[in-house]
1. What is the total of Lys pairs in the chain with C-alpha atoms under 28 Å apart, excluding same-chain pairs fewer than 8 positions apart?
2. Give me the angle, in degrees from 0 to 90, between the Cα long axis of helix 127-139 and the longest principal axis of the Cα atoms of the chain, rounded to the nearest 10.
3. Distance between Cα centroids, the range 93-134 to the range 19-78: provide it in whole Å.
4. Ratio of the range 7-249's C-alpha Rg to 2.2 N^0.38 Å, to two decimals?
5. Report the far tail of the P(r) of the range 98-215, meaning the percent of Cα-Cα pairs longer than 17 Å.
6. In whole angstrom, how long is each semi-axis of the equivalent ellipsoid of the range 107-165, when you take the square root of 5 times every eigenvalue of its Cα gyration tensor and sort them from largest down?
7. Give me the distance in nm between label points sitting 7 Å out from Cα along the Cα-to-Cβ direction at Q76 and I104, one decimal.
8. If you line up the long axis of helix 220-231 against the longest principal axis of the chain, both from Cα atoms, how many degrees apart are they, to the nearest 10?
Amino acid sequence: MTENTRIALVTGANQGIGLQIATDLAANGVTVLLASRNLERGKAAAQTIAGDVHPIQLDVTDEASIRAAAAQVEQQFGRLDVLVNNAAISRANGQETETMQDYIKRSRATLISVDEVRTIWETNVFGVLAVTQAFVPLLRKSKDASIVNVSSSLGSLTINSKPGPYRATFNPGYGASKTALNAITLAFAIDLEAEGIKVNAVTPGYTSTALNNYEGNETVEQGAAEAVRVALLGSDGPTGTFTGSVNEAYPW
Ligand SMILES: NC(=O)c1ccc[n+]([C@@H]2O[C@H](COP(=O)([O-])OP(=O)(O)OC[C@H]3O[C@@H](n4cnc5c(N)ncnc54)[C@H](OP(=O)(O)O)[C@@H]3O)[C@@H](O)[C@H]2O)c1
């Protein structure tokens, strides 16, 4: 690793879109810190990737784990150039193989439990807030820092207030958590603008992963593409944007 090598940390990178983001960044010469809540799963995933890849334990809902990960990055690398907040959950009922049809039916605003909404927001919203706050000091040590939040078109109030194919999926759990993530993205973009730290949200398409019982119709390569593009942008890149592949502006 040379002084000019970019260092990126990707949360939830042991499977799905996160693993593909890690794979593509490593293929572009980036040093990748492949973060996973279960270190063994992260180590196994890291072995499938070519390039400079370092597994690291990071549960975005666990304060001690976040603190330990930031300390480890500080000690081993001294800075961070790119933070990709990718980790998320769509449900918290323990039914990982639940069909999307059943998920949509039981997660409607009138039915979903407040406990499940809290658990989803804990990962998708407060997890991103806590991880970002913990890593900002390391991003400040970069010449050219950027934060990429993996959001969803399901988080767009503009899109979901009109008829559309995924509108029935918008709920107070996952859907609204991505709306809140968009708001947090904008808040960080505003706060860090004067320091030149870029903060953007991206949306994958409907991608076949565990998150949707593998019912998505796009590949992880397609799903990762916009996050990777934005993560590779230099100091002339934008801040405070919400885009899908390729560089298509999405309404908040
Ligand atoms: N798939 C889609 O169609 C789609 C569409 C729009 C947006 N997205 C977004 O894309 C991102 C990646 O999702 P995906 O589709 O790739 O889903 P996925 O395959 O289920 O991957 C989610 C990842 O997040 C990790 N994770 C969950 N809770 C965590 C926690 N507390 N701490 C750390 N890691 C945690 C999971 O770890 P474990 O393996 O340990 O569970 C897994 O590695 C998410 O932000 C999602 O909202 C996906």
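1. Lysine pairs meeting both conditions in the chain amount to 7.
2. 20
3. Taking the Cα centre of the range 19-78 as reference, the centre of the range 93-134 is 24 Å away.
4. The range 7-249 yields a ratio of 0.95.
5. 60
6. 30, 18, 6
7. With each label placed 7 Å out from Cα toward Cβ, I get 4.1 nm.
8. Helix 220-231 and the main axis of the chain meet at about 50 degrees.
The numbers here are math on the coordinates, done by the rules we state, and not lab data. None of the values given here were measured: they were computed from a predicted structure. Note: ideal-geometry Cβ built from the backbone for every residue, glycine included; neighbour counts use all protein chains shown.
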